[in-house]
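These notes concern the structure reproduced below.
The values are calculated or read from the model by the stated rules, or taken from the named source; none is laboratory data. Remember, predicted model here, so these are calculated numbers, not experimental data. Reconstructed Cβ throughout: ideal geometry from the backbone, glycine too, with neighbour counts over all protein chains shown.
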């Protein structure tokens with residue numbers, strides 16, 4: 001009887017029931033779409049941040065470089081013939097330069113990495129060196145020009161561009177391999193570095209660099225005049241501007257210099273993983289206490305620094321989107337309640353008759369609530385469909401989002417001021433180089449931009465929330481209407497003229 | 001069956017009060033047919049609602065088989081209605097979305113009758129009123145007379161002890177009126193019901209055993225043709241003619 005009565009009654013007021021169901025569907029669909037959008041934006045942010053500093057890395061630690069310690073700036077000294085004294089060879093001598101230097105970040109002692117790893121709530125800590133290997137071949141001029149600076153002088157002063165590549169010294173100890181930029185790279189051929197390579201002259205090369213430099217597994221790449229055997233090629237998103245070459249940290253420390261000083265036992269970035277997401281802030285504070293002069297940045301900080309359409313989408317989803325969906329949902333609940341109460345008012349005589357027949361108030365209210373919940377569930381089903389449609393449209397029609405992180409000195413992005421493909425404009429006299437196919441990398445003055453495609457996934461949680469909202473909407477509407485029906489005395493109900 | 005003592009019912013109206021019932025004293029025997037006549041607005045339907053437990057008196061007692069309906073909790077009164085009292089209304093009051101059979105079955109739902117038996121009894125009740133072939137029709141597909149028959153079937157399907165009918169022929173033409181009253185009379189005899197029928201139609205009232213007149217909220221027994229009149233008359237001291245009262249404005 002309950003289901004028969006329910007079905008017939010909903011059919012009788014099909015138009016009104018449809019309006020209520022569609023109202024609820026709209027609210028629920030909007031909630032699902034906004035939730036999916038928020039989730040997608042968050043995921044996109046995570047992709048951006050993870051691509052910058054590694055999958056499991058929660059916190060990065062860097063230091064502001066000391067004045068004049070930039071590699072590639074005006075104060076850089078070349079080591080002619082390996083001598084650090086800077087004494088000038090004879091005029092006419094051809095000098096091959098191959099220097100591995102720290103770019104844009106200050107140095108941190110390796111013992112600080114160990115100390116950071118021992119902090120409470122730290123799951124793992126790894127050190128890293130982001131360096132630049134600059135190669136050039138110059139002929140010492142006969143004039144008394146300066147010994148420093150980029151570029152080569154050749155008699156009449158024609159410049160030619162040195163070549164450079166970014167080199168990442170990767171910590172291979174323990175579970176440090178899960179941190180840092182190499183952890184996000186996908187192996188394309190060969191193998192990646194492991195703990196057995198800690199002191200070996202082996203390298204893993206980025207696929208784009210390998211292609212442009214015609215490198216394969218088994219090739220050799222020269223870094224700081226040392227030959228490294230390429231054991232693997234990895235691919236990473238080019239938009240994140242990954243390092244060209246990865247070598248073991250110990251080798252990078254042995255070969256690299258910063259402001260003329262050896263980098264032995266030093267790193268310029270510490271990557272830290274907290275033991276849980278809840279402890280990231282606590283660990284950040286502990287590291288700041290341990291290293292007061294360091295810049296400690298966690299994912300939340302980086303997320304705040306994110307600019308571009310990812311940030312805008314995030315703001316849109318969490319502010320406008322959330323409040324809009326709440327407003328629509330409240331309006332839908334209100335509409336459902338009012339229309340249900342109106343329907344109950346029109347059936348007062350009917351309910352009075354049923355009470356006269358011996359139906360209890362509870363049974364009558366149950367009938368009203370059952371009808372309302374049924375409408376709510378129908379609205380929920382349609383709402384889930386609308387939510388899927390909305391999120392599909394967002395996924396397929398949205399333009400790729402951009403994200404940028406300001407490369408302020410000491411930023412937690414690996415390598416600090418990340419190096420980027422630039423258009424030249426360096427050298428003592430300024431001007432542009434006829435760079436040709438050479439890629440000249442300079443300390444960044446540009447903001448890195450990452451492109452990510454927004455995917456708005458509808459999760460099981462969102463669907464469950466939709467079902468709950470649908471039932472809640474039905475309960476509120478039915479409860480309100482049922483309460484009105486229950487309050488009436490049968491005699492008063494029967495006296496009502498329809 | 002019923003013993004009403006000093007029953008009054010007042011309704012607030014604006015700043016004043018409407019005295020719908022004023023000191024009703026009435027005894028209704030088992031198996032009796034009592035008709036209550038009177039002009040509109042003088043308390044006939046109100047009295048019927050009191051008898052059916054659809055409303056509570058302002059004062060007085062309404063004993064139904066020894067239980068005071070005025071003192072019972074709402075759930076208890078609902079139970080009494082479900083088991084013992086059948087109602088017939090002037091406007092039929094069928095549920096428009098349920099078929100004739102389903103309307104009859106609705107009276108058995110509170111009694112938790114199993115579905116199969118519920119259907120069987122509803123079919124039988126419809127057959128008793130001559131509507132077995134209209135079981136699947138909606139009320140909108142039935143004539144006034146047919147709808148009232150369905151209402152009668154609904155009232156009787158639970159085998160009540162009392163049938164309360166409020167103007168059962170009020171919305172029917174003369175021919176159908178006679179049909180319905182004839183049917184009620186037959187069922188009253190066949191099922192040994194106690195029936196209280198409110199009507200303004202003298203032709204209908206005349207067929208009852210006893211006729212009471214409601215005027216200004218007071219009841220006067222005008223006619224008593226029951227077989228046990230002599231014995232009952234001795235106990236009818238409270239059925240005295242009403243005193244002059246102001247006309248109710250309800």
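Quick check on region B:193-202. Is at least one of its residues modelled with pLDDT of 85 or more, assigned to a helix (DSSP H, G or I) and under 15 Å from residue B:33 (Cβ atoms)?
Scanning region B:193-202 turns up no residue that is modelled with pLDDT of 85 or more, assigned to a helix (DSSP H, G or I) and under 15 Å from residue B:33 (Cβ atoms).
Out of all the residues in region A:234-242, is one or more surrounded by 16 or more Cβ atoms within 10 Å (Cβ to Cβ) and farther than 30 Å from residue A:294 by Cα? Give the derivation first.
We begin by selecting, within region A:234-242, every residue surrounded by 16 or more Cβ atoms within 10 Å (Cβ to Cβ); these are A:234, A:236-237, A:239-242.
Then drop every residue that is not farther than 30 Å from residue A:294 by Cα, which leaves A:234.
Among the residues of region A:234-242, at least one is surrounded by 16 or more Cβ atoms within 10 Å (Cβ to Cβ) and farther than 30 Å from residue A:294 by Cα, which makes the answer yes.
Here are some conditions: (1) more than 13 Å from chain A (Cβ to nearest Cβ); (2) under 30 Å from residue A:8 (Cβ atoms); (3) in contact with a strand residue (DSSP E or B) (Cβ under 6 Å, 6 or more places away or on another chain). Residue B:24 meets all but one. Which one does it not meet?
(2)
Any residue at all in region A:383-399 that's within 14 Å of another protein chain (Cβ to nearest Cβ) and either under 30 Å from residue B:159 (Cβ atoms) or part of a helix (DSSP H, G or I) (or both)? Talk me through it step by step, then tell me what you get.
Taking region A:383-399 first, the residues within 14 Å of another protein chain (Cβ to nearest Cβ) are none.
No, there is no match, as no residue in region A:383-399 is within 14 Å of another protein chain (Cβ to nearest Cβ) and either under 30 Å from residue B:159 (Cβ atoms) or part of a helix (DSSP H, G or I) (or both).
Just wondering, is there one or more residues in region A:215-224 that are within 30 Å of the chain's Cα centre (by Cα) and surrounded by fewer than 15 Cβ atoms within 10 Å (Cβ to Cβ)?
No - not one qualifying residue is present in region A:215-224.
Tell me the strands (runs of 3 or more DSSP E) entirely within region B:32-147 that contain at least 2 residues that are touching a strand residue (DSSP E or B) at 6+ places or on another chain (Cβ under 9 Å), within 11 Å of another protein chain (Cβ to nearest Cβ) and closer than 29 Å to residue B:218 by Cα. Quick ask: steps written out before the conclusion?
Details: elements: B:33-37, B:59-64, B:85-88.
Result: B:85-88.
Select from region A:358-374 the residues that are surrounded by fewer than 22 Cβ atoms within 10 Å (Cβ to Cβ) and within 8 Å of chain B (Cβ to nearest Cβ) and list them in ascending order.
A:360, A:361, A:363
Could you tell me whether any residue of region A:232-239 is more than 21 Å from residue A:56 (Cα to Cα) and at pLDDT 90 or above? First the steps, then the outcome.
Initial filter on region A:232-239 (more than 21 Å from residue A:56 (Cα to Cα)): A:232-233.
From the residues that got through so far, the ones that are at pLDDT 90 or above too are A:232-233.
Yes, because at least one residue in region A:232-239 is more than 21 Å from residue A:56 (Cα to Cα) and at pLDDT 90 or above.
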